Amino acid sequence: MVEYLNDLQERFFTWCDKAVQEHIDREETMLKQSRPRKNPDGSYDLVIKMGARDEAPSKFAVPVPEEFHELLEREYFINHPPDEDEEI
């Protein structure tokens, strides 16, 4: 079991798990990678990369609810600059 630092962090990762699971169920595929991405307007997306082992991955962007934006600014983007757009 994962131990979270606070309730907001737990709600965020629970939301991420549900968003990923919805795409897995709908696409009948598997998760390759996911990460938050900051948009130029200050909003955030959860970028999900999915696909079978032998096929080209599909990318989906799911808008992150506003209640988690401050958490992402404070914790995630300390080590991941918002303009970092590595291949996902």
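The values are calculated or read from the model by the stated rules, or taken from the named source; none is laboratory data. No experiment lies behind these values; they were computed from the predicted model shown. Don't worry about glycine lacking a Cβ; one is built from the backbone with ideal geometry, like all the others, and counts go over all protein chains shown. Quick note on the areas: whole protein, heavy atoms, side chains included, nothing else; ligands and nucleic acids left out. Shrake-Rupley method; radii C 1.70, N 1.55, O 1.52, S 1.80 Å.
Out of the range 7-48, which residues are modelled with pLDDT under 90, over 15 Å from His69 (Cα atoms) and not acidic (Asp, Glu)?
Listed by number, the residues that qualify are His23, Ile24, Arg26, Thr29, Met30, Leu31, Lys32, Gln33, Ser34.
Does Tyr76 satisfy the condition of being open to solvent by less than 70 Å² (accessible area, probe 1.4 Å), modelled with pLDDT under 85, among the aromatic types (Phe, Trp, Tyr) and within 13 Å of the chain's Cα centre (by Cα)?
For Tyr76, the condition - open to solvent by less than 70 Å² (accessible area, probe 1.4 Å), modelled with pLDDT under 85, among the aromatic types (Phe, Trp, Tyr) and within 13 Å of the chain's Cα centre (by Cα) - is met.
Consider Ala19 against the criteria (1) hydrophobic (A, V, I, L, M, F, W, C); (2) closer than 14 Å to Leu72 by Cα; (3) open to solvent by less than 30 Å² (accessible area, probe 1.4 Å): it satisfies all of them except one. Which criterion is unmet?
Of the numbered conditions (1) hydrophobic (A, V, I, L, M, F, W, C); (2) closer than 14 Å to Leu72 by Cα; (3) open to solvent by less than 30 Å² (accessible area, probe 1.4 Å), the odd one out for Ala19 is (2).
Any chance you could count how many residues in the range 40-69 are farther than 16 Å from Cys16 by Cβ and either of a type in the set (D, E, K, R) or free of Cβ contacts under 8 Å to residues at least 12 places away in the same chain (or both)?
Total satisfying the criteria: 6.
Could you list all residues from the range 22-46 that are open to solvent by 70 Å² or more (accessible area, probe 1.4 Å) and more than 17 Å from Ala56 (Cβ to Cβ)?
Glu22, Asp25, Arg26, Pro40, Asp41
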